[in-house]
Amino acid sequence: MSKLTAVVAGGGIAGLATAVALLRVGWRVVVLERAPEFGEVGAGVAITVNGMAGLDALGVADAVRAAGRRIRSAGFQDSGGRWLVRMPDLPAEREPTLWLSAVHRQRLHAALLDAALPDVALPDAAGRARLITGATVTGVEPGEPGGPRARVSYRTGPDVHVVDADLVVAADGLRSTVRAALFPGVRPRYGGATSWRAVIEDIGRIGDTFVAAWGPGAEFGALRISATQVYWYGYVTQAEGTSFDDELAAARARFAGWAPWVTGALAATMPDQLIRHDVFHLPDGVPGYAHGRVALAGDAAHAMLPTSGQGVSTAVEDAVTIGRLIATPVGGGADLGAALAGYDAARRPRCRRIARQAVTIARFGAHLPGGWRQTLRNDLLRVTPARVMITSGRSVVGWAPPPAPAGRGA
Ligand SMILES: Cc1cc2nc3c(=O)[nH]c(=O)nc-3n(C[C@H](O)[C@H](O)[C@H](O)COP(=O)(O)OP(=O)(O)OC[C@H]3O[C@@H](n4cnc5c(N)ncnc54)[C@H](O)[C@@H]3O)c2cc1C
């Protein structure tokens, strides 16, 4: 087993998934998380089959499936609830590439946390990550493969610390401090929309199909994340930084007159269940997902509009790829520089393509203004066979983990 050390900046989904991938092949892992506790905000998430393939490779998929709900069909409606497209075409058809695992983000995070901290007594803390909360990463010296190790500075309260690492993973999200140190020209940009989200008690109107409704400049989607809970989001184009005195009243007003399942979900929402985030992304990408001894993962590398539903799944893909293309070979003595270059080549073109697709989906869907454009888009969708949409999604959800070098795990 290797005695190499990785420091992971950020303990969100990308950070914890990467920690698990590194632990599985014998690395020592330190995760630095700014928040005082590990956790996630209270919303749901839909993980597509590529994300589940990644979680499978990490050994976490069963726990996530058990904590959530399997969704086997999906569709789009207009704002009045009339179907535009249903996938698959016939309810009896099996179309595994459509399947989603819908889960509360806190349960996904908890499953990854359990895997990063397995409940076993292991010598010398091997197999368990060292998780430090309240630890804000403030800077990084990237080091060089084959040369100086990387150095991460972080703060806990008034105390300043420095830790050296063979590998640093920047998983510190959209506003990544590590990325800013390496690529100061890359800045998140407002995506033109904001999103209300809530997890509510079951209202009986939402089945095991993921349904999204499109209206002028808006999308409303809902899916069941457990036997008793439903997750919904209301995504609307809006000027950056808009605020409302009463967020719930504003959300209800924005979706007034939409389909009964939409207004029903809003009516069943309590003010303390509602969250709202303005949506930012990295529309121009990042010049590299690797620099010195640092690899970028998750939103730090490729924050994208949520319209593709790929943020979490691509973060998990990154983690598995770091495990397979960097941690495993480098732990066996391979060159870190070549491994990092392989990671960049495997991930950057794919994630750029998915991020661009998310922008295209937004233009055609949630961001589309009212009037004739809605009519034209809706008419087009009504005559588009579901199969065409399913096939076009395969290049994204058909991802499989890169093969592990013979005889090694994740
Ligand atoms: C409205 C909305 C809806 C979405 N819906 C979906 C969906 O349905 N499906 C989907 O797949 N994706 C969705 N996404 C995208 C998804 O949420 C993100 O892509 C995913 O959470 C990224 O995970 P991450 O770990 O890279 O980043 P984050 O979740 O942002 O985690 C970063 C972590 O780093 C920590 N951190 C930050 N800075 C520092 C620092 N300096 N030092 C130490 N720690 C630090 C943070 O506290 C945080 O814990 C959605 C996004 C939005 C905005």
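All of the numbers you see were taken from the coordinates with simple rules; none came from a lab. All values derive from a computational prediction rather than experimental measurement. Every residue, glycine as well, gets a Cβ built from its backbone with ideal geometry; the counts of neighbours run over all protein chains shown.
Just order 46-57, 266-277, 356-367 by mean Cβ neighbour count inside 10 Å, highest at the front, would you? Mind dumping the intermediate values first?
Details: 46-57: 24.0, 266-277: 15.6, 356-367: 18.2.
The peptides rank, most packed first, as 46-57, 356-367, 266-277.
If neighbour count is taken as other Cβ atoms inside 10 Å, put Leu22, Leu100 in order from fewest to most.
On the way: Leu22 30, Leu100 26.
Starting with the residue having the fewest Cβ neighbours, the order is Leu100, Leu22.
How would you rank 296-302, 337-343, highest first, on the average number of other Cβ atoms within 10 Å across their residues? Before the final figure, lay out each step's value.
Values: 296-302: 29.4, 337-343: 19.0.
The densest-packed peptide leads the list: 296-302, 337-343.
In the neighborhood of Pro287, defined by Cβ-to-Cβ distances under 14 Å, what is the net charge if each Lys or Arg adds +1 and each Asp or Glu adds -1? Can you show the working numbers first?
On the way: positive: Arg179, Arg187, Arg347, Arg348, Arg352; negative: Asp284, Asp344.
Surrounding charge for Pro287 is +3.
Taking a ≥ b ≥ c as the square roots of the eigenvalues of the Cα gyration tensor of the stretch 1-71, is the shape rounded (a/c under 1.5), prolate (a/b larger than b/c) or oblate?
Numbers: a/c = 2.87, a/b = 1.36, b/c = 2.11.
Judged from the Cα gyration tensor, the stretch 1-71 comes out oblate (a/c at least 1.5, b/c at or above a/b).
For a label point 7 angstrom out from the Cα of Glu95 toward its Cβ, which stretches of the stretch 368-397 have the backbone nitrogen within less than 18 Å?
Answer for this model: 378-397.
Given the chain, what percent of its DSSP beta bridges are antiparallel, to the nearest 5?
On the way: 54 of 75 bridges.
Taking every DSSP beta bridge within the chain, about 70 percent pair in antiparallel fashion.
Please work out whether the chain counts as rounded, prolate or oblate from its C-alpha gyration tensor, where a ≥ b ≥ c are the square roots of the eigenvalues and a/c under 1.5 means rounded, while otherwise a/b larger than b/c means prolate and anything else oblate? Intermediate values should be presented prior to the final figure.
On the way: a/c = 1.82, a/b = 1.68, b/c = 1.08.
It comes out prolate by the Cα gyration axes.
Could you calculate the contour length gain from Arg70 to Tyr190, that is, 0.36 nm times the residue separation minus the distance between their Cα atoms, to one decimal place in nm? Write down the numbers at each step before the final one.
Details: separation 120, 0.36 × 120 = 43.20 nm, distance 3.23 nm.
Working it through step by step, the gained length comes to 40.0 nm.
Rounded to the nearest 0.05, what FRET efficiency is calculated for Ala227 and Asp164 with R0 set to 41 Å and r the Cβ-Cβ distance? Walk me through the numbers on the way to the answer.
Working: r = 48 Å, r/R0 = 1.16.
Efficiency, from the Cβ-Cβ distance: 0.30.
Could you work out how much longer the chain between Glu201 and Arg382 gets when fully extended? Use 0.36 nm per residue separation minus the Cα distance between them, nm to one decimal. Please list the in-between numbers first.
Working: separation 181, 0.36 × 181 = 65.16 nm, distance 3.21 nm.
Contour length minus the Cα-Cα distance gives 62.0 nm.
If you count the DSSP beta bridges with both ends in the stretch 1-113, what percent of them are antiparallel, to the nearest 5?
Working: 12 of 17 bridges.
Roughly 70 percent of the DSSP beta bridges within the stretch 1-113 come out antiparallel.
Under a crude label model (7 Å from the Cα following the beta-carbon direction), how far is Asp284 from Asp62 in nanometres?
For Asp284 paired with Asp62, the spin-label model returns 4.8 nm.
Relative to the Cα centre, what is the charge dipole magnitude of the chain, using +1 at the beta carbon of each Lys and Arg, -1 at the beta carbon of each Asp and Glu, and rounding to the nearest 20 debye?
Values: 43 positive and 35 negative charges, 189 e Å.
Once rounded to the nearest 20, the dipole reads 900 debye.
Can you grab the distance from the C-alpha centre of the stretch 246-284 to the C-alpha centre of the stretch 3-63, Å, no decimals?
29
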